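One structure is given below, encoded as structure tokens.
Since every read-out is calculated from the coordinates, none of them should be taken as a lab result. Everything quoted here is computed from the prediction, not taken from an experiment. Quick reminder, even Gly has a Cβ in these numbers, built from the backbone with ideal geometry, and neighbours come from all protein chains shown.
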């Protein structure tokens, strides 16, 4: 029976190879095996076959001379506009002066440079960016930074005091996020580096512990783009998961379906940047436990609000280390922790994960080298200023500021919901309020508000704008001014709701309709180039 079955399988092969020379049989066998492996890998990539074919087609289309000329012309035109915008700030210093400039002149030039720009951030007219401003706090951090400006925690034996400050910042933060005795972490230069460190740690953990060689990250489409940046740096792949269009929270069912044997981490936002809504961290953590995958909570934006919201009288869904399955949390001290820019924290539930964050070299002629984060040398002054700011505020200070910020955000949200022809995305969890419209191009509202000095964040897929409420918006009258300005501008727009948006917002809106996203990437590179245009044109 078995022999007849084998003959059924091998018979066609024997007949096909009958009369072939040995080298032909070897060549056919090798070609068949390699072809099968190629086909298997082609069909089992994390990126879908459709996506790869689509990207390849766009790439080939750009090689057509007529198409490429059109693209080059559009890029040149856009680049010209970016450079024109950047050149409005006067002459640039392009050659190091022969003699040093006097201190008083340097300070004068600093004031001149800092006065450039027309947005009234001190009056609370911008979304996010500046989260707190008080001359007394500026004085404190300036003095502290000055005292520690020469220090570098890379040299722990030389500057143990700075290392002690960093350890205390991490321990205070771990306690706020309900970490146990094994909770640990490091400071970083910002939310992007905190996220990168988590991705690096889980990539290496997945490789060493599980043998994963093609790691992927499963995350909501609303998760911060720093995860995509990390994937590009570390040879990982991001598998984005859709969100519920009404709640804008991640679809847990879709997240589970996206998990495969190469998944090294799951991500949830608390809250996300576009809409300010919070993913169901408990549900994501259950998936992590079920499939034995680390779970990262990105609390970079609102971390230093959500840890105080309960004390401030507001409900917040479980999100921290008290949730079984959460293994790491990123939180920016330089946002609602009100510390100087260049300060963030990455926390882990256990040291086993943090060890995979480290980079250690043991064979270098310069000695054994180890560093905890991306940077080798780090600015001890930022660590000291962060430490000082947190101690200066204390729990009561943070609770008070949190209450004022959340009170203001809720007030703005409530009144915006009463304005016809616009809507709010989901239910904001903390301080971000995202606005959309089904009656007119929402970018028109952003453009109109900018004429009054407001600077809001633009969103895409679908189009939207958001206001990130900070302590700068809490003084009397600012929230009401924003509400009244939105109301009056919506009324103005609705007189001619079909009128297309003009100016920079028009470019942003049109960009969403371009199917070849690499072109949008090229436009973005031109914008970044314009920040450095002086060095290349003078």
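Expressed as a fraction of 2.2 N^0.38 Å, the C-alpha radius of gyration for segment 147-390 is 0.99. Applying 1/(1 + (r/R0)^6) with r as the Cβ-Cβ distance of residue 133 and residue 113 and R0 = 22 angstrom yields a FRET efficiency of 0.80. Please determine, in degrees from 0 to 90 and to the nearest 10, the orientation of helix 281-291 with respect to the longest principal axis defined by the Cα atoms of the chain, where the helix direction is its Cα long axis. Relative to the chain, helix 281-291 is tipped by roughly 20 degrees. The fraction of all Cα pairs in the chain landing in successive 10 Å bins from 0 to the largest distance is 3, 14, 23, 25, 19, 8, 4, 3, 1, 0, given as whole percents. Once both axes come from the Cα atoms, what is the angle between helix 103-114 and the longest principal axis of the chain, in degrees from 0 to 90, rounded to 10? With both axes taken from Cα atoms, the answer is about 70 degrees.
The orientation-averaged projection of the convex hull spanning the C-alpha atoms of segment 388-491 amounts to 7.4 square nanometres. Gain on full extension, evaluated as 0.36 nm per residue between residue 524 and residue 290 minus their Cα-Cα distance, stands at 80.2 nm. One quarter of the convex hull surface built on the alpha carbon atoms of segment 216-324 amounts to 6.8 nm², the projected area averaged over directions. Placing dummy labels 7 Å off each Cα toward the beta-carbon, the span from residue 499 to residue 143 is 5.4 nm. The alpha carbon centroids of segment 417-484 and segment 141-164 are separated by 41 Å.
Computed from Cα positions, the angle between helix 160-176 and the longest principal axis of the chain comes to roughly 80 degrees.
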